[in-house]
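Nothing in this text is a laboratory measurement; each read-out follows from the coordinates by a stated rule. Keep in mind it's a predicted model, so treat the numbers as computed, not measured. Backbone-built Cβ (ideal geometry, glycine too); neighbour counts: all protein chains shown.
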Amino acid sequence: MRCKECDVNIENQRNGKSKRAGLCAKCGRKARLSEYFRKYYIANRDAVLAKNRQGARDNRERVIELRRRRAALKPKVVREPKACVECGTQVIRAERCRKCYVRHRYATNLDYRARRLASTRRWMQKKRAQELAVRPAETGDMAAS
Ligand SMILES: [Zn+2]
Ligand SMILES: [Zn+2]
């Protein structure tokens, strides 16, 4: 008979919880502990997270230092430069550049188009109203129309 985890021979181990689960004493203990912590975490999730957050606040400098060190160890991700599928402008992640994205969305999404048109109309009305308010004499012909 062998441990399911590490394949060590458990023939001569005493017939305890671990052996009955098909594990050696070491793997059995590890499995029971991780199960215990999992249940504990589920039952006390909010308290555990609150404690972690408090700990992070109390040790702010240390947390920043550890994060910096971990980031330095991590291999840098080199991103292939991408180009907008429509105009070829270099983009970071998106398929299209900002300009082409808006144009594309405008052409394919009716809701978006309606919203944009409405907001443009509101903006033009507001602008016209402001012009009339600022220069009533000069825009007299417009006010009459
Ligand atoms: Zn084992
Ligand atoms: Zn583009």
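For this structure, a couple of remarks:
- On Cα atoms only, tilt of 98-108 relative to the major axis of the chain in degrees: 80
- Residues of the chain were split at every exposed loop site, defined as GluC sites (Glu not before Pro) in a DSSP loop with at most 11 other C-beta atoms within 10 angstrom, and the longest piece left, sites excluded, is 12-137.
- Selected from Val63, Val85, Ala133, residue furthest toward positive end of dipole (the chain; charges at beta carbon): Val63
- Near Glu5, the amide H atoms lying under 5 Å from its own belong to Cys24; only residues 5 or more places off or on other chains count, and H is placed 1.01 Å from N.
- Taking the chain and dividing mean pair separation by its residue count, relative contact order in percent (alpha carbons under 8 Å, at least six apart): 8
- Scaling the Cα radius of gyration of segment 17-73 by the globular reference 2.2 N^0.38 Å produces a ratio of 1.68.
- nm² value of the averaged projected area, convex hull over the Cα atoms of segment 51-123: 9.9
- Set Lys26/Lys76; Lys99/Lys127; Lys4/Lys39 screened for pairs whose C-alpha atoms are more than 32 Å apart: Lys26/Lys76
- When only the Cβ of Lys, Arg, Asp and Glu is charged (+1, +1, -1, -1), the dipole of the chain relative to its Cα centre reaches about 700 debye.
- Space enclosed by the convex hull of the alpha-carbon atoms of the chain, per residue, Å³: 376
- One Cα centroid belongs to segment 7-46, the other to segment 73-119; the line between them spans 51 Å.
- With the gyration tensor restricted to C-alpha atoms of segment 82-140, the semi-axes of the equivalent ellipsoid amount to 36, 15, 7 Å, longest first.
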